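Please read the structure below before turning to the comments.
Here, each number is a calculation from the coordinates, and none is a lab measurement. All values derive from a computational prediction rather than experimental measurement. Backbone-built Cβ (ideal geometry, glycine too); neighbour counts: all protein chains shown.
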Amino acid sequence: MRKILSCLMSVMAVLFISNAYAELHVDIVAGGVDPTSIAVQKFEPIGKVSSSDAKMLRQVVEDDLKRTGLFRIVNHDAFPEYVKMNEMPNFKSWNAIKAQALVQASLKSEGKDNYKLEFYLWDINGKEQIEAQSLIASKKSVRRLAHIMADAIYERLTGETGYFDTQIVFIAETGPVDNRVKRMAIMDQDGYGMRYLSDKKTFVMSPHFSPNMSSVVFLSYRNDDPMVWVLDLDTGDQTKLGNFGGMSFAPRFSPDGNRVALSLVKNGITNIYEYNIADKSLKQLTFGNHIDTSPSYSPDGRYMAFNSDSSGSQQIHVLDLNTGKQKRITFGAGRYATPAWSPDGNYIAFTKIAENTFYIGIMNPQGRHEKILAGGWYMEAPSWAPGSRRIVYYETEQAEDGEGRISHIRSVDITGQNIYDIELKDGINGVEPTWSPKLP
């Protein structure tokens, strides 16, 4: 199996940032704000550089920024000038077309196998350079340069963590509704470079990344035995997590990567357990004659959100991993499931089912300030991008004939705005997506 990260990247950042306060700052909290106008110049080729690579990098940067809903890409035909690297822009000219930020970039070969990308970010109104970086990567992984560059621009202008240099692991479904083939797959966050991680023979579900991106934990029905497995992303090796004496499912890594939380069925009762990878021990965390599943750790590893029907209906509970005490946090109309703690610890995303409609929403860890982000016929499995700004989930819709089912992987902003599909290859339905941490 191909390595997921086929080429290691060397990234060097050289900053030439003014000491003056940068006035340009993008408001990412309020909904409905006007997007910031940003002009991205064509990448200046230096030496023997593929013009198609330079054009592609520019397009990827623009697409990354545009998809956030926070930026408006200035039309290239409106540019008043072309500013060469190491030259100052004519701020008055750029201000005349209402550009608020300007990006210059150059691309050159660095030895036989590498590219060097340099870029500058200018605040037009503030008349100052606010970011400058130099990045080096293998030509085989050149597209990552654009994502890293977009992350740097996003982070400088918003003050938040970027999420463009990331991947999504998911279940790719093909075939008719009554005989779907489920394969685990991985792709960049924009849908590029999709490749399969499992074959057609084995039914798989619920993939989740380890914090260091070295492996994926998932449910496999290999030999009709539903158990949790681990895939090594470097070698492609798959190993069973353990023999637990019952069906195990819904796995999730702890924030330190040393443990895996999972649901385990014993004697018809489903509780949550925690598997210690180092000493291969299994610890039971919840107890009772009900169904506890979908565990999700808080980012500090002190708490765990999960859904349980112990109150008579499916609701979200939070378990204190130090004391073993738990409390129910959802009391709204309907049923709640698949909690996912945000990386910053401020939110828990969830699936809600009420009045024959599925919803994706967020709330604080106490279960308050619930906000619905999306709703539809069937949607589930929210997962957070780094920085806690966006959520990826899947939505299944009925085909026009009422018989078929079409599943899309979608992303939504925490304001509930700017929902977009992550495009997949024709004939592929995407379900159960999980967003990765930033790539190493």
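You can think of it this way: the chain between R195 and V181 has 3.5 nm of extra reach, that is 0.36 nm per residue less the Cα-Cα gap.
Which loop trypsin sites (Lys or Arg not before Pro) in region 159-263, with loop taken from DSSP, have no more than 10 other Cβ atoms within 10 angstrom of their Cβ? Working shown, then result.
On the way: sites: R180, K182, R183, R195, K200, K201, R222, K240, R252, R259; in loops: R180, K200, K201.
Filter output for region 159-263: K201.
Structure remark: mean-square fluctuation, Gaussian network model of the chain, C-alpha springs under 10 Å; the largest value among T202, T323, T357 belongs to T323. Taking Cα atoms only, the orientation of helix 51-67 departs from the longest principal axis of the chain by about 60 degrees.
Going Cα to Cα from K325, which lysines come in below 23 Å? Please leave out same-chain ones fewer than 8 positions away. Straight-line reach from K325, under 23 Å: K266, K283.
Give the angle, between 0 and 90 degrees and rounded to the nearest 10, that separates the Cα long axis of helix 142-158 from the longest principal axis of the Cα atoms of the chain. Here the helix axis deviates by roughly 90 degrees. Packing, as the average of other Cβ atoms within 10 Å across residues, places the peptides 410-416, 286-292 in the order 410-416, 286-292, highest first. Length available on full extension from Q417 to A96: 0.36 nm per residue minus the Cα-Cα distance, which gives 112.6 nm.
Apply the a/c threshold of 1.5 to the C-alpha gyration tensor of region 36-158 and tell me whether it is rounded, prolate or oblate.
On the way: a/c = 1.86, a/b = 1.54, b/c = 1.21.
Prolate, since a/c reaches 1.5 and a/b exceeds b/c.
What is region 167-435 by shape, rounded, prolate or oblate, if you read a ≥ b ≥ c off the alpha carbon gyration tensor as root eigenvalues and call it rounded for a/c under 1.5, prolate for a/b larger than b/c, and oblate otherwise? Before the final figure, lay out each step's value.
Details: a/c = 1.40, a/b = 1.09, b/c = 1.29.
Verdict is rounded for region 167-435.
Projected label points at D309 and A354, each 7 Å from Cα along the beta carbon direction, are separated by 2.1 nanometres. Here K280 is the anchor, and the aspartates and glutamates within straight C-alpha reach of less than 17 Å, apart from those fewer than 8 places off in the same chain, are D256. Ignoring lysines fewer than eight residues from K98 along the same chain, the ones with Cα atoms less than 16 angstrom from its Cα are K127.
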